[in-house]
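Note sheet for the following structure.
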Amino acid sequence: METNVEDMILKVDQLFDDGEYAQGRNLLEEILEMEPDCGRAHNHLGWLHYYKLDNYKRAEYHYKLSLKFSPRYPAAWLNYAIFLAYLGRTDELKALAENALTVQGVNRAAIHNQLGQVHEMQGKYEEALAYYNEAYMKATNKTDYKLFLENFTRVKTKTSFWAKVRLLFATAKERETAPRK
């Protein structure tokens, strides 16, 4: 990546931080005119389309191009994982996560957290617990550590709750099917 493009990416980061999304998008489009294969620019556009414009089709298009052109750029893997988890696309997320976890610098704890979230959304609490536990064990900063512990604890509570509900319904069903005296 040319220094000029790197400087432009840094400028986009600052514009986004300042809430100047239209200016940031214009600068990203300028970057892509100069270097259509700039994975970082595609990642930033994917983020913008997902978080700020609610254009999921464009977001996915740019995330995929980001991974194609910059497969060693850790942020692209996590951003696309967050996107897939939000949409509940479990199988795609699992495949992406398998590859992401081989990339140096990828936040492994955050990837496991996304896997936990998608399983929690689907009511697969045991699987969610396993992923949240892995995220918790790999956390390297206080904020993530606390978040992953909260996620684990929340799902643990749900697991306990649903186990009680299943037991209650099983007991009621047994009473219904039991021979009457």
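Since every read-out is calculated from the coordinates, none of them should be taken as a lab result. Since we're looking at a predicted model, the values are computed, not measured. So basically every Cβ, Gly included, is an ideal-geometry build from the backbone, and we count neighbours across all protein chains shown.
Remarks
- Relative contact order (percent, whole number), the chain, Cα cutoff 8 Å, 6+ residue spacing: 11 percent
- In terms of surrounding Cβ atoms within a 10 Å radius of their Cβ, Glu30, Glu35 rank from fewest to most as Glu30, Glu35.
- Rg and Dmax of segment 1-96, Cα atoms only, in Å: 12.9, 39
- Each Lys and Arg adds +1 at its Cβ and each Asp and Glu adds -1 at its Cβ; summed about the Cα centre, segment 1-115 shows a dipole of about 560 debye.
- Helix axis angle, 74-86 relative to the chain longest principal axis, alpha carbon, degrees: 40 degrees
- Label sites at Leu149 and Asp17, each approximated as a point 7 angstrom past Cα along Cα to Cβ, lie 2.9 nm apart.
- Asp7 versus Tyr86: modelled label distance in nm, points set 7 Å from Cα along the beta carbon direction: 3.2 nm
- Hull-based mean projected area of the chain, where the convex hull spans the alpha carbons, in square nanometres: 13.2 nm²
- Taking the fewest neighbouring Cβ atoms within 10 Å as the starting point, the ordered list for Asp54, Asp13 is Asp54, Asp13.
- Extension gain for Glu33 to Lys57 (0.36 nm times residue separation, less C-alpha to C-alpha distance): 6.6 nm.
- Counting beta carbons within 10 Å around each of Thr90, Thr102, Thr159 and listing the fewest first gives the order Thr102, Thr159, Thr90.
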